[in-house]
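One structure below.
The values are calculated or read from the model by the stated rules, or taken from the named source; none is laboratory data. Because the structure is a prediction, the values reported are computed rather than measured. Ideal geometry is used to build each Cβ from the backbone, glycine not excepted, and the neighbour counts take in all protein chains shown.
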Amino acid sequence: MNSLHRHDRQWLARIGGIGLVNLATLTWATNMVLGRWLRDSIGPLTLAAARYTTAAVLLAALLQRRPPDDRRLGRDRWLLLGMALSGVAIFTPTLYLGLRMTTAVNATLINGLGPLVTGVLAALLIRERMSGRQVVGAIVGLAGVIVLIPGGSLSSWQAMRGSAGDLVVLAAVALWGLYSVLGRQVMHHRSPLSATAFSAFLGLPFLLLAAAWEMRTVPVDLSPQLFLAVLYIGVAPGVIGFLSWNAGVRRLGASGAMVFYNTLPLYGALLGYLVLGEPIGPSHLLGGALIVGGGLWAARGRGEGVRPGE
């Protein structure tokens, strides 16, 4: 009976983890739509700095309710700094740099390699074994991305060419995988809120310096719409998204959570249809089914996350 209850708790923890990482990718999809909308109003580094300034204020307020050990740096300060550099200060600028040199189609497809890259990093750095189900789920999800991105058009693939930008985007994917792996280690003894908050606190000064440099050549077009958009980006993708992702990593493991990272282009396609009026065809439906199905298949295996209550 105890074994059955333990199995039920583990299954419920995995279901909760699935919901959390999907909430994260959904908020990040909305961030991509808003980022495109704001591209003529604010530079990417300045937008990132504004986002994390807003997020840091909210995270600091939330952190006040945590136990004392959660509110201060400990022996894991270097791991937290690694999270700050990989997931906050370097990841976004690296991705934007890659997008200046390669197409959005290439960049989004390369992001589909995220689960496999993270699984390899987790295996190499923290010896987190990537299960057979996770490997299969990641490959099925990647197949969904391959179907989804070109919209079923062979000409889209024929137009794709290798470039330095592709390698830069791949580096960004690896940085995000590293953030997830480091977060997995930090959250063995720190809450997702604390890990998210300190990674934002430590990464923000780097972004502020970069934004100050960028604003010398890319001025900000201040408006009420920009203020509201930055506020939303700071709260939803910046706080809710990161908290949800880190909590999901705690339950599913780094490689288990990254299986669902492929839902990001799926949600992006749906938001493009609803917000921007972009069409959705059979390739989107098939690709979406593969992405979600691959993630669910991987999650049915034995979880790599911590036990419920840890």
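For the reader, a short list of remarks on this structure follows.
- From the options Ala104, Ala84, Ala89, Ala61, residue that is modelled with pLDDT under 80 and either among the hydrophobic types (A, V, I, L, M, F, W, C) or under 22 Å from Pro224 (Cβ atoms) (or both): Ala104
- When Leu209 is tested against the conditions (1) among the hydrophobic types (A, V, I, L, M, F, W, C); (2) surrounded by fewer than 22 Cβ atoms within 10 Å (Cβ to Cβ); (3) under 16 Å from the mean Cα position of the chain (by Cα), the lone failure is (3).
- Test result for Trp157, within 23 Å of Gly287 (Cβ to Cβ), in a helix (DSSP H, G or I) and either touching an Asp or Glu at 6+ places or on another chain (Cβ under 9 Å) or modelled with pLDDT under 75 (or both): yes
- Filter result for Gly151 (assigned to a loop (DSSP other than H, G, I, E, B) and either in contact with a helix residue (DSSP H, G or I) (Cβ under 9 Å, 6 or more places away or on another chain) or modelled with pLDDT of 80 or more (or both)): yes
- Looking only at segment 214-239, residues that are assigned to a helix (DSSP H, G or I) and surrounded by 13 or more Cβ atoms within 10 Å (Cβ to Cβ) come to 13 in all.
- Sole exception among (1) surrounded by fewer than 18 Cβ atoms within 10 Å (Cβ to Cβ); (2) modelled with pLDDT under 75 for Ala123, by number: (2)
- Any hit, segment 179-195, residues being within 15 Å of the chain's Cα centre (by Cα), closer than 23 Å to Tyr267 by Cα and at pLDDT 80 or above: yes
- Single unsatisfied condition, Gly112 versus (1) modelled with pLDDT under 75; (2) in contact with a helix residue (DSSP H, G or I) (Cβ under 7 Å, 6 or more places away or on another chain); (3) surrounded by fewer than 22 Cβ atoms within 10 Å (Cβ to Cβ): (3)
- Residue within segment 251-264 that is free of Cβ contacts under 8 Å to residues at least 24 places away in the same chain and of a type in the set (Phe, Trp, Tyr) present: no
- When segment 243-255 is filtered for residues that are out of contact with any Lys or Arg (no Cβ under 8 Å at 6 or more places or on another chain) and modelled with pLDDT of 75 or more, the ones remaining, listed by number, are Leu243, Ser244, Trp245, Asn246, Ala247, Gly248.
- Residue check, Leu276 of a type outside the set (Asp, Glu), modelled with pLDDT under 85, surrounded by fewer than 24 Cβ atoms within 10 Å (Cβ to Cβ) and within 16 Å of Thr27 (Cα to Cα): no
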